[in-house]
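Each reported figure results from applying straightforward, stated rules to the coordinates on display, with no laboratory input. Remember, it's a predicted structure, so these values are computed and weren't measured experimentally. Cβ coordinates were reconstructed from backbone atoms using ideal geometry, including for glycine residues, and neighbour counts include every protein chain displayed.
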C-alpha cells in the first residue's frame, strides 16, 4: 500500500500525456484505415495498426508541445477520443473520396465499353469490373510513389490548427462539407471518364444508324467486339493522362482538408 501511495502522484502526472497520446492515436488510426493504399482490404489489419502506431509516436510530442487540455474524467476522455477519431475520419474521408472518384470513373468506362458484366477481385471486398480495379491500383500506386503517405502525415500535423484537439466540429458544417465532397467525387468521376462516355455515345449513334439501314443485321454481334477493341485502345492512350489529372485531384483533396474542413 505504501508503494501504491508513493506511485499515485507519478500516475497523476502521467495521466495527461497518456490521454493526449491516446487521442492522437485515435485521430491517426481513423485516417490510416481510410487512407488509399493503407486502408485497402488487401492490407492486413496488423500492418495498418503498426503504421498508425508509428505515426502516433512521431506526432505525439508535437501534440504535447501544443499544450492541449488533457481530459480528466472518464466521460471527458471518451468524448475526446470520439472527437479525435471523427477528425481523423474527416481527413481520411476527404482523401478516400478521390479514390472513390477514380473507382467510379472505372465503372463508368466499363459500362460504356460493354465490360461492366465482367467482374473480378480487386483491392476492395466486393468484385469490380477490371477497368475499375486497374484504375484504382494504378492510381494508388502512383499516389504512393508521389508521396501520399508523407502528405497524409503533414496534413495530420497541420490539422490541429484547423480541428483543435478534442473539439467536435458543428454537425451542420460537417454535413454540408461531406455532401460537397461527395458531389465533387461524382463530378470528378464523370470528368475522368468523359473520353469513354464520348466513345460510347459515338458507338450508340453508329449502332442505331446501322440498325436503321440494315434491320436484318445483328449489329450487336458486330458492334460489341468493335467497341471493346476501340475502348482498350482508348484506355491505353488516355490512362496516363487520366491518372496525372487524378493525382492533381488528390492534391486538391489535401488542400480541401486543410482549407475548408469543418
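Of note:
- Burial ordering of 207, 91, fewest other beta-carbon atoms within 10 Å first: 207, 91
- For the stretch 181-258, the spread of Cα coordinates along the three principal axes comes to 60, 25, 13 Å, biggest extent given first.
- Additional length obtainable on full extension of the chain from residue 75 to residue 255, 0.36 nm per residue less Cα span: 61.4 nm
- Linear extension gain, residue 178 paired with residue 190, 0.36 nm per residue minus alpha-carbon span: 2.4 nm
- Packing, taken as the mean count of other beta carbons within 10 Å per residue, orders the peptides 155-163, 172-180, 229-237 from highest to lowest as 155-163, 229-237, 172-180.
- Sorting the segments 239-248, 193-202 by their mean number of nearby beta carbons within 10 angstrom, highest to lowest, gives 193-202, 239-248.
- Kirkwood hydrodynamic radius over Cα pairs of the stretch 125-262, then Stokes diffusion coefficient at 10 °C and 1.306 mPa s, in µm²/s: 86 µm²/s
- Efficiency of FRET from Cβ geometry, residue 236 and residue 206, R₀ 25 Å, rounded to 0.05: 0.70
- Cα-based Rg and Dmax for the stretch 150-215, where Dmax is the largest Cα-Cα distance (Å): 22.6, 69
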